[in-house]
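Read through the structure below, which is laid out as structure tokens, and then see the notes.
Read-outs throughout are calculated quantities, based only on the coordinates presented, and are distinct from any laboratory measurement. These figures come from a predicted structure and were not determined experimentally. Cβ atoms come from the backbone with ideal geometry, glycine included; neighbour counts cover every protein chain shown.
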Amino acid sequence: MKLLAFDTCLDKTYVTLFNDREYKNKVILSTGKNYHSAYLISSIVELLKSENIEPQDLNYIATDIGPGSFTGIRACTTVARVLAQQLNIGLIGISSLEILSRITDEENIVALDARKNKAYLYNNKILGAIDLEEVDKIIQDKPLITDDSLLERFYNLNDKTISYQQKNYPLGEILAKLAIEKITNGAEVDWRKLKPLYIQPPPVYK
């Protein structure tokens, strides 16, 4: 199996290639002038070229579908759909919450800042955008993954809390492994059915 996975929903762009036996990863940071998703296409091209893989050699594409940056969600889901359609290959989407739940060997709850005094909550399944006071009751002393903006708040309640932004976790590789796991178990891979995961509506600017 040859699978290309990419993610622009979180704080970096992650591009990973699984080429039958091993994972090759590329991570792109924002420069401050350009949002990291602007480098998605060029990063895909560079990674495939470095491994002597043609796009036509790919069997599947996997992408993060959110929640996360609205710009990032649009970028990676649009690129994924276009590539899968043009190459006539399978496409699978994975939630960023499920990806983050796998960054340690423990069974983690994930709570990411959703603004408006809410957190996107995952506890073996996506629970939605939940009021922070309700999240406080749920997390208790269970291992928790969050982001930098909520780290101090949750750590004061639960010292098993870590921020995924504090270390260089291989999120692209985790995405690829989850995709392979789901494909092996018969998950839907029709590109027409991939939809971005907007738990809350995008902001409207006047």
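The antiparallel fraction among DSSP beta bridges confined to the chain stands at about 60%.
Sorted largest first, the principal axis extents computed over the alpha-carbon atoms of the range 62-109 equal 39, 23, 9 Å. In the range 93-206, what percentage of the DSSP-assigned beta bridges are antiparallel, given to the nearest 5? Close to 65 percent. Converting phi to 3J(HN,Hα) with the Karplus coefficients 6.51, -1.76 and 1.60 and the offset θ = phi - 60°, the range 54-67 yields 8, x, 5, 7, 6, 9, 8, 10, 10, 9, 6, 10, x, x Hz in sequence order, with x at every glycine or proline. Kirkwood hydrodynamic radius of the range 101-206, from the reciprocal of the average inverse Cα-Cα distance over all distinct pairs: 15.3 Å.
Free of any GluC sites (Glu not before Pro) that DSSP assigns to a loop and that have at most 16 other C-beta atoms within 10 Å, the longest stretch within the chain is 108-187. Normalising by residue count, the range 20-164 has a Cα convex hull of 134 Å³ per residue. Full extension of the chain segment joining Ser149 with Phe70 gains 26.7 nm, where the gain is 0.36 nm per residue of separation less the Cα-Cα distance. Just checking the listed ones, Lys167, Lys26, Lys142: in the Gaussian network model of the chain with Cα springs under 10 Å, the one fluctuating most is Lys167. Along the range 22-28 the Karplus relation, 6.51 cos²θ - 1.76 cosθ + 1.60 evaluated at θ = phi - 60°, assigns HN-Hα couplings of 8, 9, 10, 10, 9, 10, 10 Hz to successive residues, with x for each Gly and Pro.
The H on the amide N of Gly128, modeled in the peptide plane, is under 5 Å from the matching H of Leu121, each at least 5 residues off or on a different chain.
Full extension from Asn117 to Val82: what is 0.36 nm times the residue separation minus their Cα-Cα distance, to one decimal in nm?
Result for the pair: 9.1 nm of gain on full extension.
Helical runs assigned H by DSSP (4 residues or longer) give the chain a calculated mean residue ellipticity at 222 nm of -9500 deg cm²/dmol, each run adding -39500 (n - 2.57) before division by the residue total. Close amide H contacts of Gly66 (hydrogens built in the peptide plane, cut-off under 5 Å, sequence separation of 5 or more or a different chain): Ser96, Leu197. Assuming 0.890 mPa s and 25 °C, estimate D for the range 1-82 with Stokes-Einstein, Rh taken as the Kirkwood radius over Cα pairs, in µm²/s. Roughly 193 µm²/s, to the nearest whole number. Return the distance in nm (one decimal) between the two label points of a simple spin-label model at Asn168 and Gln140, each offset 7 Å from Cα along Cα→Cβ. Inter-label distance under the simple model: 3.8 nm.
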